[in-house]
Every structure is written in C-alpha cells, then in structure tokens.
1. Taking only C-alpha pairs under 8 Å that are 6+ residues apart, what is the relative contact order of region 2-96 in percent?
2. Of Y20, Y152, Y111, which is the most mobile in a GNM of the chain whose springs link Cα atoms less than 10 angstrom apart?
3. Taking the Cβ-Cβ separation of V107 and Q24 as r and a Förster radius of 22 Å, what is the calculated FRET efficiency to the nearest 0.05?
4. If you plug each phi of region 165-175 into the Karplus form 6.51 cos²θ - 1.76 cosθ + 1.60 with θ = phi - 60°, what whole-Hz ³J(HN,Hα) values come out, in order, with x for Gly and Pro?
5. For Y47 and K133, what is the calculated FRET efficiency with R₀ set at 51 Å and r taken between the beta-carbons, to the nearest 0.05?
6. Based on other C-beta atoms within 10 Å, arrange R118, R196 from fewest to most.
7. Report, in whole Å, the centroid distance computed from the Cα atoms of region 16-69 and region 81-160.
8. Order by neighbour count: D245, D132, D168, fewest other Cβ atoms within 10 Å first, most last.
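Derivation of every value follows stated rules applied to the coordinates shown; laboratory data play no part. Everything numeric in this text was worked out from a predicted model, so none of it was measured. Positions of Cβ are generated from backbone atoms using ideal geometry, with glycine treated the same way; all protein chains shown enter the neighbour counts.
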Amino acid sequence: MARFKLTVEYDGTKFRGWQYQPNQPTIMGRIMEACSIVFNTNKFELYGAGRTDAGVHAIAQVAHLEVNTQLPTRIIKFQLNDQLPSAINILHVEKVDTRFHARHDAVARSYVYQIATRRTAFGKNNCWWIKDKLNIAAMYEAAEVLHGFNDYASFGSSEDEDASTKVDIHWVRIYEVESSIIIHIVGSHFLWKMVRRMVGVLVEVGRGNLVIDQVKGMLTTYSSIPAKLTAPPSGLYLERVYYPDDIIAEDPIWILNLFNFL
C-alpha cells in the first residue's frame, strides 16, 4: 500500500460539505467515487484534514489517500481530475510516508472569509453581501480580542467531536480590498462553525450591535449569542493546512490577490 497527500480546491456551493454522507453529494464522496474508478477497487483510505460544512469552499484542503497502486503521482492527479466535476480539482498529489495523517499531523488551519460591501452579480455563492456600513475600526479592535489561547465554547457547538473547547488562535486579521472585506483567521484547530460565528460576531461589532466588552465576555463565560450570529457558509474558504515543517507566517499579499474580483 502507498500513501499520498492530496491538495484539493473546491467550490462547495452544491455539496453537503466535505465529509462522506450516504446518498448525499459531498466532496469526499465524489473523490471516493473517482478513486474507485481510477484504481478499480474500493479498498483504499481517504481522510481529510478537516470537515468543511455545506456550502463552504476550499483553496487548499488536504487529504491522505492510501491505496495499492504503482501509478506515478502525475497520472493519479490527471486521472482523478478526469473523473471529478469541475467544482472539485486536485491541485497536487505527493507520495508521503505511510505514517502521514492529514488530520492528526496538522498543526494549524487557515480560513479566509469574504464579505462584499456592494451588490455583486458574480459572488452570491462565494461571499456574504452586507448592505450595512460597517465600522472597520471597531472590528479591528474586536479581532484583537479573539486571538490567543482561549476557551471558545461560546463559538462552538455541542456536536463538536473535540472534547476540549480551548483553541490557540494565531491571528485574526481584517483587510479591505476594493468592495470586499477579508477576514483571515489562523488557529491550531477549529470547533464546528467556530469561524463563521467569529465572523458573525465581528460583523455585529461593525454594525454597532455589540461592544468589545461583550466580545471579551464570550471568552470567559458561555454565551449563546455567537450561535445566533453564524455567518453564511458562502463566504468561507479553507485557505491552507499547516504541517510541522511549514512556516506559519502572514502573507497579506497572497490573501488580497485571492479576493479582488468584486
């Protein structure tokens, strides 16, 4: 058996998320179907670095694939892509040590959220259009509150698989690009819907409906407010998964260049 690291981009609009679900269109399910055809077997393991929700996108999701094959990596990439819909694309295939695990070996995840500040004909499925004028300075201040090693139980869900609700958030950055507001969040891992709830809280601060002290309180005492403010999935992208040899560093130029089409 050989193990491969797959880097995958996808538009999650028409899918029920990453994780396989019987009789439901999912990213993982479609890749599994492609693997069955390419390798002519159902005896393989496919495991993603993290689960993205229905409607959430990925710029560079990572998965590991273990299968018995002698095919070179470039052929695996081409043949898998031939079997996949246009909304899913395998960017890279790399042969790795059989001990590599896409999820367990990951040390950090990077998410980007795009907010449109004007009505757009192109981005309905790829951003969140907010008509209200947002106070960016207040959002900057709230973003500073939300980074660090804290208990993010207020931003998670009772359905989280992870027993601990403590997460190390490396940074929360906000950028203005043309008619977009880009929120970039990097952390050790994330609870279910955590990023979307962080975004929702930041937006309500920008609208003037929440103050900084309320945001601080969400990290010390459980609050049901973030769940009510969950941002829509359309604007969320899994931007990158980091592994031990990767350097976790900010690259605002890369982020800004990704989202300059509105």
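1. Averaging sequence separation for qualifying contacts and normalising by length gives 45 percent for region 2-96.
2. It is Y20.
3. Working: r = 30 Å, r/R0 = 1.38.
According to the calculation, E is roughly 0.10.
4. 9, 8, 9, 9, 8, 5, 6, 10, 10, 10, 10
5. Numbers: r = 44 Å, r/R0 = 0.86.
The computed FRET efficiency comes out at 0.70.
6. Working: R118 12, R196 24.
If I rank by nearby Cβ atoms, fewest first, I get R118, R196.
7. Answer, in whole Å: 19.
8. Values: D245 6, D132 11, D168 15.
The fewest-first ordering by Cβ neighbours comes to D245, D132, D168.
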